[in-house]
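Q: Structure incoming, see below.
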Amino acid sequence: FCPNTTEVHIYKFFTDKWEKLHVLAKHDQIVSGIDWSRSSNKIVTVSHDRNSYVWTQEGQDWVPTLVILKLNRAALCVHWSPKENKFAVGSGAKSVSICYYEQENNWWISKVIRKKHESSVTSVAWHPNNVSIISCLSLEVI
């Protein structure tokens, strides 16, 4: 849950009410996208600050790892691939970045798809083959 701030709140439902368990706070501007992987239990967040973080749970804490997206506009949306070994980020820079973990250097790398879109990329989704993605744009209607 992103309360339209720089934070992400994680809640759990206990018997009859929701209780806040964690607050993930690392971004400098509004969090605009979040995705939680099913099998690896990692959370990825993107923000208007043009950065992404991959959050890994270690014990009771969530530890962030910065992903440098090399964007000149806000990161708007994010989605894990089906195999959860990479994720796609749509941005206000009219581009999509594919991010993957580089084991030998212990960091996340981003590669920008050079095919420019007409407008901001507001949604991305993966094909089940873990290779192809689809993206959609935000177009202004006049």
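Q: Looking at Val131, Val124, which is the one that is of a type in the set (Val, Ile, Thr), open to solvent by less than 40 Å² (accessible area, probe 1.4 Å) and not in a helix (DSSP H, G or I)? So that I can check it myself, show each step before the final result.
A: On the way: Val131 fails: open to solvent by less than 40 Å² (accessible area, probe 1.4 Å).
Exactly one residue qualifies, and that residue is Val124.
Q: Are any of the residues in the range 72-83 touching a residue at least 12 places away in the same chain (Cβ under 8 Å), assigned to a loop (DSSP other than H, G, I, E, B), in contact with a strand residue (DSSP E or B) (Cβ under 8 Å, 6 or more places away or on another chain) and open to solvent by 60 Å² or more (accessible area, probe 1.4 Å)?
A: yes
Listed here are the residues, each with its yes/no results for (1) out of contact with any helix residue (DSSP H, G or I) (no Cβ under 7 Å at 6 or more places or on another chain); (2) surrounded by fewer than 17 Cβ atoms within 10 Å (Cβ to Cβ); (3) not aromatic (Phe, Trp, Tyr).
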{"residue": "Tyr11", "(1), (2), (3)": "yes, yes, no"}
{"residue": "Lys20", "(1), (2), (3)": "yes, yes, yes"}
{"residue": "Gly33", "(1), (2), (3)": "yes, no, yes"}
{"residue": "Lys42", "(1), (2), (3)": "yes, no, yes"}
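Q: Next question, about the same structure. Only one residue in Trp107, Trp36 is at pLDDT below 95 and under 22 Å from Ala25 (Cβ atoms), so which one is that?
A: Among Trp107, Trp36, only Trp107 is at pLDDT below 95 and under 22 Å from Ala25 (Cβ atoms).
Q: State which residue is most open to solvent (accessible area, probe 1.4 Å) when the search covers only the range 62-71 and only residues that are under 18 Å from His9 (Cβ atoms) and in contact (Cβ under 8 Å) with a residue 24 or more places away in the chain. Lay out the reasoning, then the answer.
A: Residues of the range 62-71 under 18 Å from His9 (Cβ atoms): 62-64.
Checking which are in contact (Cβ under 8 Å) with a residue 24 or more places away in the chain leaves us with 62, 64.
Numbers: Trp62: 28, Pro64: 46 Å².
Looking at residues that are under 18 Å from His9 (Cβ atoms) and in contact (Cβ under 8 Å) with a residue 24 or more places away in the chain, I get Pro64.
Q: Which of the residues belonging to the range 91-121 are open to solvent by 60 Å² or more (accessible area, probe 1.4 Å), within 21 Å of Ile68 (Cα to Cα), more than 13 Å from the chain's Cα centre (by Cα) and of a type outside the set (Lys, Arg)?
A: Restricting attention to the range 91-121, the residues satisfying the condition of being open to solvent by 60 Å² or more (accessible area, probe 1.4 Å) are 94, 100-101, 103-107, 111, 113-116, 118.
Retained after the next criterion (residues that are within 21 Å of Ile68 (Cα to Cα)): 94, 100-101, 103-107, 111, 113-116.
Now narrow it down to the ones that are more than 13 Å from the chain's Cα centre (by Cα): 94, 101, 103-107, 111, 113-116.
Once the filter is applied, which keeps residues that are open to solvent by 60 Å² or more (accessible area, probe 1.4 Å), within 21 Å of Ile68 (Cα to Cα), more than 13 Å from the chain's Cα centre (by Cα) and of a type outside the set (Lys, Arg), the range 91-121 yields Tyr101, Gln103, Glu104, Asn105, Asn106, Trp107, Ile113.
The values are calculated or read from the model by the stated rules, or taken from the named source; none is laboratory data. As the structure is a prediction and not an experimental result, all values here were calculated from the model. All Cβ positions, even for glycine, are placed from backbone atoms using ideal geometry, and neighbour counts span all protein chains on display. The accessibility values were calculated without ligands, DNA or RNA, using every heavy atom of the protein model including side chains. Shrake-Rupley method; radii C 1.70, N 1.55, O 1.52, S 1.80 Å.
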